[in-house]
Amino acid sequence: MNFIPTKLKGCFVLEPKIIFDERGYFMESFNEKTFQENTNQEVHFVQDNQSYSTKGVLRGLHYQTGEHAQAKLVRVLSGEVLDVAVDIRPDSETFGQHVSIMLSAENQKQFFVPRGFAHGFLVLSETATFFYKCDNFYNKESEGGIIYNDPSLNIDWQFQESELIISEKDKVQPTIDNAKKAW
């Protein structure tokens with residue numbers, strides 16, 4: 001597996017080595033030892049989550065705060081999404097910056113989003129099944145969020161705003177300047 005660092009320290013794109021033959025393919029999607037050696041981060045995943053969404057669904061930007069902060073390793077099992085991570089670490093030189101990556105069942109890429117980042121995705125295909133590993137358990141009281149269209153973030157979601165399908169909760173999230181602090 002190739003581990004490709006992004007402009008945001010700690011975020012990595014993971015490209016698997018896929019072995020094809022007449023039966024189909026095989027790939028190793030996760031190996032804790034290889035992951036820790038290549039990211040230089042000790043992460044132990046404790047919870048797997050999966051969602052199914054239709055074209056235009058935007059989920060995010062979400063995070064957990066304090067002792068309940070979560071690192072995530074995300075991937076798409078079917079379909080295609082635009083995946084986004086925003087650095088919300090207060091002392092980071094890239095605070096408020098984001099990185100976007102296309103994840104699909106076809107490219108089999110994964111995206112590692114460490115603690116201290118807000119995360120969201122937009123479904124680009126007719127449907128998508130999104131899968132993610134978390135290194136901490138969900139805690140409702142520690143939820144944080146940032147509005148998807150915060151002008152200071154300037155995220156290009158690659159859709160017209162009128163085409164987006166967004167939950168009521170996500171429509172009223174604060175800007176990054178007014179959001180709950182990560183820690």
Please find, among Ser92, Ser78, the residue that is out of contact with any strand residue (DSSP E or B) (no Cβ under 9 Å at 6 or more places or on another chain) and touching a residue at least 24 places away in the same chain (Cβ under 8 Å).
Ser92
Give all pairs with beta carbons closer than 6 Å in which a residue from the range 143-156 that is among the small types (Gly, Ala, Ser) meets a residue that is assigned to a strand (DSSP E or B); count only pairs at least 6 apart in sequence or on separate chains.
Gly144/Tyr63; Gly145/His62
Selection within the range 28-55 - within 15 Å of Asn107 (Cα to Cα) and surrounded by fewer than 13 Cβ atoms within 10 Å (Cβ to Cβ)
Glu28
May I ask you to say which residue of Thr65, Thr129 is in contact with a Ser or Thr (Cβ under 7 Å, 6 or more places away or on another chain), within 15 Å of Ser29 (Cβ to Cβ) and of a type in the set (S, T, N, Q)?
Thr129
It is to be established whether one or more residues within the range 33-49 are within 15 Å of the chain's Cα centre (by Cα), closer than 20 Å to Trp157 by Cα and part of a strand (DSSP E or B).
no
Regarding the range 70-93, can at least one residue be identified that is assigned to a strand (DSSP E or B) and on the phi > 0 side of the Ramachandran plot?
no
Any chance you could count how many residues in the range 132-155 are exposed (fewer than 14 other Cβ atoms within 10 Å of the Cβ) and closer than 25 Å to Tyr52 by Cβ?
3
Search result, residues across the range 156-179 that are surrounded by fewer than 16 Cβ atoms within 10 Å (Cβ to Cβ) and either touching a Ser or Thr at 6+ places or on another chain (Cβ under 9 Å) or under 17 Å from Gly116 (Cβ atoms) (or both):
Asp156, Gln158, Ile165, Thr175, Asp177
Give the number of residues within the range 68-122 that are surrounded by fewer than 22 Cβ atoms within 10 Å (Cβ to Cβ) and of a type in the set (Asp, Glu).
4
Filter the range 121-137 down to residues that are among the hydroxyl-bearing types (Ser, Thr, Tyr) and farther than 22 Å from Gln47 by Cβ, then give me how many there are.
2
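Only the coordinates and a few stated rules stand behind these numbers; no lab work does. Please read all numbers here as calculations on a predicted model, not as lab measurements. Every residue, glycine as well, gets a Cβ built from its backbone with ideal geometry; the counts of neighbours run over all protein chains shown.
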